[in-house]
There are 2 protein chains.
Amino acid sequence: MSTGLARRQFLRNIATTAAALAVATPAFAEQEHSAVLTSASSGNDGFIIREMEPENLESSVSAFSSFITSADQFYVRNHFKQPELSSANWTLAIDGAVSHPLQITYAELTVMRSRTMVSLLECAGNGRVFLVPREDGAQWANGGMGNAEWTGIPLADVLKLAGIKSTAVDVIFEGADSGELTTPNPKSPGVIPFARSLPISEANHGDVLLAYHMNGKQLPPTHGFPVRLIVPGWYGMASVKWLKRITLTEKPFDGYFQSLQYSYFERSNGIPTVLPVTTISVKSAIIAPGFAHKIARGHDFKVRGMAWAGVNDITSVEVSTDAGKTWNPAQLISPTIRYSWRMWEFTWPAPSAGKHTLMARATDSKGNTQAMERNKDYRSYEITHVIPVIVEVL
Amino acid sequence: MSTGLARRQFLRNIATTAAALAVATPAFAEQEHSAVLTSASSGNDGFIIREMEPENLESSVSAFSSFITSADQFYVRNHFKQPELSSANWTLAIDGAVSHPLQITYAELTVMRSRTMVSLLECAGNGRVFLVPREDGAQWANGGMGNAEWTGIPLADVLKLAGIKSTAVDVIFEGADSGELTTPNPKSPGVIPFARSLPISEANHGDVLLAYHMNGKQLPPTHGFPVRLIVPGWYGMASVKWLKRITLTEKPFDGYFQSLQYSYFERSNGIPTVLPVTTISVKSAIIAPGFAHKIARGHDFKVRGMAWAGVNDITSVEVSTDAGKTWNPAQLISPTIRYSWRMWEFTWPAPSAGKHTLMARATDSKGNTQAMERNKDYRSYEITHVIPVIVEVL
């Protein structure tokens, strides 16, 4: 499936409108739905509200059925109130350590050479609700992730126009959203904008986009209209929405959202040092059955889910139906598309009545496999250890 | 008072035992004590307990009367339970980016060429109780500070023995104290040691000491026995106690205690970036009258206090007895000794009955004067704005 031919064939199938995508991309079979006797989501397959203001909406993963996530099913992670912007008045400033500071209008940006790319986004806190003891922050289950097609201009092209000075080390991306964070700790120093940086080397990678289309249509306001950054393979916090300003700096940027928040610990000689959260680690999620679902006995059951590994590819997914004692290979039902998830399924032969603990674990092209236990050094981010799903077969 | 002659005279007066210091160094006159009608400290002039375990003890500043703070009046700031160490078994490791990693015993260290120096230490959170709204952390009033005489060997000499590699950028100091911080947020990643770093340039400054004597006597266990770092002019968190290991690193160290804690914000183009707390900023404290003290009318009253400015010198202190409307020069009654506080007093002529708001503000040799308002970018550290003291004259 991951051969060049299959990939090219698949890429041809990804059309440039969301309607076409829905038809052309792989979807899970519907057969197993009839076997689910109860569902915790009680009829609402849209969003789970995690916070009203700022808006933080989790996708209902049990409703995920296809390779591409539609914009209206795609999780929303906001740090501040959503800004109201118009493409007519919007400009993007590029300043700091550049030889030609400039301002780009929406019209200028959208006539530049563009690229289209499918990329998964995952909130760095996705899965936080599974942590024991509880951690502060939005209590995402599995639905702080989605896989969409983004169209925009390579950031590298705009940086080239501005002329990067040789002294520049970091590129700061500032969103038009701002506010004051008073809880959880640590607080922000009064009102601050949402801002994150990339090292120059990453910013110049041709796959980093200034995106203005999502699934072939204008970016919705919720997802960063008029223009957002897309940093494929990185956790979602890097893909700054509502871009307003890009500043090149001569010293490393240690902003609030990459030091006090969205950071983890790496140990050297036992002493932890703080690093910003960057690329997505290998992970799988079981999306059916859902937590506490009851399923019918006497039928084969299709366990299904997604697996992804940031800038790496998924090479295998294994499923256990006995709490990790034995593992069986799952079938990968979508091809390898860089930065995207892979859909997988596993046929669970006619499970017997009673409670069962299901697990899935993915392995990536670098040989990394999901851990069974949580590593505290990741604070409340990169929640990639194996999460059991307990189901009852009646 | 700050002429070379006065300074040399004063330095001669500082003997090498605490008993001698008590006699030889300046002291406030006792006259004004009789004028204080009530005191909030209700007879206990030792410590205000801020936390039992780990032990965090604030000095009762109303009991401060002399230039040198005795060890048993000196504030105690512990992050973890105090380790029990013996000088016989203790060794200090110097490792990392050095050509000759080594271990030094207490006996070896104490026969090396030593230096004696008076230096103020101030907790970076000193004054936190005055912040509105309340901030998490130990609720220090003014007494998270003290001025003591330290004897030890220059750190630079030990680094020279170990041979600093040209690739080294930071020097990490690790204490023997460790534990897990679960509150306030952010949490530590499990058990961590107390550790802080200095840039190579600071570590090589000849005034940074590996100290083993405080006020002419063996360092007490509470203050870091057998050996602690003294970084004069820096907030106290830099002067790591119970030193265990010194590691030179080739990349900047972003440890828990200089990123998630003990850090502040500096803005560039409106976007805050996180920096470790380092040197002490200019500040004064009124130590008499104390908060809510009642004093007798019809007598001149000696308002007294201390002022300090880290690596800079204090050039003036002004006092206001009318809530900042007018300011009068205070008299500096101790000479300029680098890294130390200066004692000051101001004669308040026979105050009238009623409530009065007293303020003091210091100016340093760089022209910095204390601000009247708190700057939120300092988080809950460097609390140096002018703090009013309201007293009632009966």
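Remarks
- Restricting B:361, B:379, B:342 to residues that are free of Cβ contacts under 8 Å to residues at least 60 places away in the same chain, basic (Lys, Arg) and either within 14 Å of chain A (Cβ to nearest Cβ) or in contact with a strand residue (DSSP E or B) (Cβ under 8 Å, 6 or more places away or on another chain) (or both) narrows the list to B:342.
- Residue check: residue A:155 meets all listed conditions (1) without any contact (Cβ under 8 Å) to a residue 24 or more places away in the chain; (2) crowded, with 21+ Cβ neighbours inside 10 Å but one, namely (1).
- Any hit, the stretch A:123-141, residues being assigned to a strand (DSSP E or B), over 19 Å from the mean Cα position of the chain (by Cα) and not acidic (Asp, Glu): no
- Checking every residue in the stretch A:254-263 against the condition of being under 26 Å from residue A:312 (Cβ atoms) and in contact with a Phe, Trp or Tyr (Cβ under 6 Å, 6 or more places away or on another chain) gives zero matches.
- Here is the figure for the stretch B:139-195: residues that are of a type in the set (Lys, Arg) and farther than 21 Å from residue A:260 by Cα total 2.
- Top-ranked residue of the stretch A:262-291 - restricted to ones that are of a type in the set (Val, Ile, Thr) and assigned to a loop (DSSP other than H, G, I, E, B), ranked as surrounded by the most Cβ atoms within 10 Å (Cβ to Cβ): A:280
- Among the residues making up the stretch B:65-78, those that are more than 13 Å from residue B:122 (Cβ to Cβ), of a type outside the set (Gly, Ala, Ser) and in a loop (DSSP other than H, G, I, E, B) are B:67, B:68, B:78.
- Here residue A:119 fits the description: small (Gly, Ala, Ser), outside any loop (DSSP other than H, G, I, E, B) and surrounded by 15 or more Cβ atoms within 10 Å (Cβ to Cβ).
- Entirely in the stretch B:292-394, the strands (runs of 3 or more DSSP E) that have 1 or more residues that are modelled with pLDDT of 95 or more and among the basic types (Lys, Arg): B:301-308, B:342-348, B:354-364
- From B:219, B:229, B:198, residue being without any contact (Cβ under 8 Å) to a residue 60 or more places away in the chain, away from chain A (no Cβ under 14 Å), closer than 17 Å to residue B:257 by Cα and touching a strand residue (DSSP E or B) at 6+ places or on another chain (Cβ under 8 Å): B:198
- Annotation note: of A:244, A:251, the sole residue that is over 15 Å from residue A:198 (Cβ atoms) and surrounded by fewer than 23 Cβ atoms within 10 Å (Cβ to Cβ) is A:244.
- Within the stretch B:115-139, residues that are on the phi > 0 side of the Ramachandran plot sit with their Cβ atoms under 9 Å from residues that are hydrophobic (A, V, I, L, M, F, W, C), at 6+ positions apart or across chains, in these pairs: B:127/B:140; B:127/B:141; B:127/B:285; B:127/B:383; B:127/B:387.
- Contact map, the stretch A:253-271: residues that are at the interface with chain B (Cβ under 7 Å from one of its Cβ atoms) paired with residues that are among the polar types (S, T, N, Q) and assigned to a loop (DSSP other than H, G, I, E, B), Cβ distance under 9 Å, separation 6+ or inter-chain. Pairs shown: A:254/B:259; A:256/A:188; A:259/B:259; A:260/A:185; A:260/A:188; A:260/B:259; A:265/B:188.
- Looking only at residues of the stretch B:76-102 that are touching a Gly at 6+ places or on another chain (Cβ under 8 Å), farther than 30 Å from residue B:144 by Cα and not polar (S, T, N, Q), we find that the one that is surrounded by the most Cβ atoms within 10 Å (Cβ to Cβ) is B:98.
The values are calculated or read from the model by the stated rules, or taken from the named source; none is laboratory data. For clarity, every value in this text was computed on a predicted model and none was experimentally measured. For neighbour counting, all protein chains shown are included, and Cβ atoms are generated from backbone atoms with ideal geometry for every residue, glycine included.
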